Amino acid sequence: MLSDLNYGKVDKKMKKILTKNLMWKILSTLLAILLWLVVLNVEDPWTTSEVRDITVQLRSDESITNQNKAYEVLRGETISVRVEGKRSVIDSLTQSDITAIADMKMLSITNSVPIEVSSNKPIEIVRWEPQNLLVNVEDIRTIQASVQYQMVGEPNQPYVIGDVDLEPNIVQVTGPESQINRVKSIVVPVEIDPDNTRDIILDASPNILDEQGNEVSNVSLNTNNIKVNIRIDKERNIPIRLETVGELSEGFMLTDMSYSPTNIRLAGRESEVDAVNVINIDPIDITGMEESQNITIDIADYIPSNMRLVSDVSQIQVNLEIEEVIEREIVIPINNIDVKSLLTNYQFKFLTQEDIVLTLRGRASVVNNISDVDYMGTIELRGLEEGEHTVPVEVGLPRNVEIVGGDPEVSVQLEYIGSEDEDIDTQEEPEDEE
């Protein structure tokens with residue numbers, strides 16, 4: 001009973017202590033809290049900042065790709081975010097602390113997707129720009145394209161690049177329609193060592209190029225590995241042999257045959273090319289021809305099947321000069337005959353008094369231009385003794401002109417007139433020195 005009375009006295013005393021000057025106590029507490037907030041705000045104030053170049057993560061893009069379509073982000077790949085928070089938090093904030101997500105399932109009819117922004121830090125996100133991801137959506141196309149090669153360098157002569165095989169030589173190109181429309185070629189670059197003389201086998205990665213030779217992006221191939229087989233051949237100049245067969249019509253002659261080229265450049269396996277020494281062309285049949293002819297022959301018909309023509313010229317141009325053969329007489333006066341090798345102790349005279357009449361036979365263009373005054377005859381007296389002699393008259397004529405019946409002859413007489421030294425007349429030609 002006594003303890004209860006004591007407890008009651010203590011309780012009343014405590015209440016009196018707590019309630020005495022209560023308003024001042026409450027005011028003091030509020031002032032203390034306010035002071036704490038002021039101190040805290042001075043040391044770690046509330047601030048605003050902007051975080052730039054935050055990459056927007058794309059989600060659920062299969063909602064587009066599963067429809068055999070492709071998309072390209074036109075705007076909104078990165079965003080800038082304005083945030084607020086305590087300086088201690090804001091100052092340590094990095095791009096990785098802010099997450100930006102665009103869910104492609106939210107694609108609108110205007111091809112925009114809202115961007116959602118969040119953070120794992122105690123900050124407030126005020127705004128971000130842009131707020132929407134803008135994309136271009138188009139159909140995916142697949143085309144087939146042939147693979148080409150581009151050689152960088154070449155072997156040293158006489159070696160050349162032969163056949164080139166690509167496996168595969170046709171590939172499939174897949175991508176957005178706008179990019180597929182830019183594709184002009186699939187090119188495999190191949191670098192050649194100039195000192196290489198053997199066949200080359202290598203693997204190469206193809207490049208997808210547009211009309212200007214620039215690479216096309218956002219497209220893919222069904223293979224990125226092309227096997228390249230390059231044959232190394234040897235080049236060699238080979239002469240051409242061409243002849244005629246048959247006979248021209250009576251009274252005509254083949255005055256000249258020329259053809260061009262006279263040799264061609266072939267390429268093939270070294271052992272096979274080295275075994276070829278001449279290209280034989282089928283002879284040209286001139287039977288019954290009466291006028292000049294220009295004939296064209298395709299070289300390809302005579303190239304061995306295991307070789308190829310390297311020369312730029314693919315045809316042989318043949319020129320046959322055919323002229324009519326005519327006969328015509330010319331006269332060489334007897335006093336126009338030159339005497340050679342007459343010794344000084346001999347006298348000489350012609351027994352033949354008539355002028356020499358020659359019948360010339362040959363191509364009309366030449367024979368018709370021969371004049372009597374253009375030619376002199378020559379007789380040779382070397383080794384002849386005193387007395388009468390019949391000697392041939394030599395007449396120098398153009399090529400393809402002949403004397404009908406052979407060289408003419410004249411009769412001469414030599415008479416010995418003394419025993420002086422047998423010097424040779426000034427008209428005598430010196431003997432050839434051995």
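The values are calculated or read from the model by the stated rules, or taken from the named source; none is laboratory data. Values in this document were obtained by computation on a predicted structure and should not be read as measured data. Neighbour counts are summed over all protein chains in view; Cβ atoms, including those assigned to glycine, are modelled from backbone coordinates with ideal geometry.
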Please go through the range 72-117 and give me each residue that is assigned to a loop (DSSP other than H, G, I, E, B) and hydrophobic (A, V, I, L, M, F, W, C), ordered by number. Leu93, Leu107, Ile109
Top-ranked residue of the range 310-323 - restricted to ones that are surrounded by 15 or more Cβ atoms within 10 Å (Cβ to Cβ) and part of a strand (DSSP E or B), ranked as modelled with the lowest pLDDT: Glu323
Please work out if Glu211 is within 30 Å of Asp312 (Cβ to Cβ), in contact with a Lys or Arg (Cβ under 7 Å, 6 or more places away or on another chain) and surrounded by 13 or more Cβ atoms within 10 Å (Cβ to Cβ). no
For residues that are part of a strand (DSSP E or B), acidic (Asp, Glu) and without any contact (Cβ under 8 Å) to a residue 40 or more places away in the chain, scanning just the range 374-408, find the one that is surrounded by the fewest Cβ atoms within 10 Å (Cβ to Cβ). Glu388
Which condition does Asn229 not pass, out of (1) assigned by TED's automatic domain parsing to the domain that holds Val147; (2) without any contact (Cβ under 8 Å) to a residue 12 or more places away in the chain, if it passes all the others? (2)
Quick one: in the range 329-373, which of the residues that are assigned to a loop (DSSP other than H, G, I, E, B) and under 30 Å from Glu291 (Cβ atoms) is farthest from the chain's Cα centre (by Cα)? Ser371
With the requirement that a residue be polar (S, T, N, Q), closer than 30 Å to Arg361 by Cβ and modelled with pLDDT of 80 or more, what does the range 386-434 give you? Thr390, Ser411
Is it the case that Ile295 is surrounded by 17 or more Cβ atoms within 10 Å (Cβ to Cβ), β-branched (Val, Ile, Thr), over 30 Å from Val171 (Cα atoms) and not assigned by TED's automatic domain parsing to the domain that holds Asp195? no
Mind counting the residues in the range 312-361 that are within 30 Å of Ile297 (Cβ to Cβ) and in contact (Cβ under 8 Å) with a residue 60 or more places away in the chain? 9
Considering the range 86-143 alone, what residues qualify as being more than 49 Å from the chain's Cα centre (by Cα) and of a type in the set (Lys, Arg)? Lys86, Arg87, Lys105, Lys121, Arg127
Show me the strands (runs of 3 or more DSSP E) entirely contained within the range 198-272 in which 1 or more residues are β-branched (Val, Ile, Thr), more than 30 Å from Met307 (Cβ to Cβ) and within 19 Å of the chain's Cα centre (by Cα). 207-209
For Ser371, are the conditions met, namely being among the polar types (S, T, N, Q), outside the structural domain of Thr255 (by TED's automatic domain parsing), surrounded by fewer than 16 Cβ atoms within 10 Å (Cβ to Cβ) and modelled with pLDDT of 90 or more? no
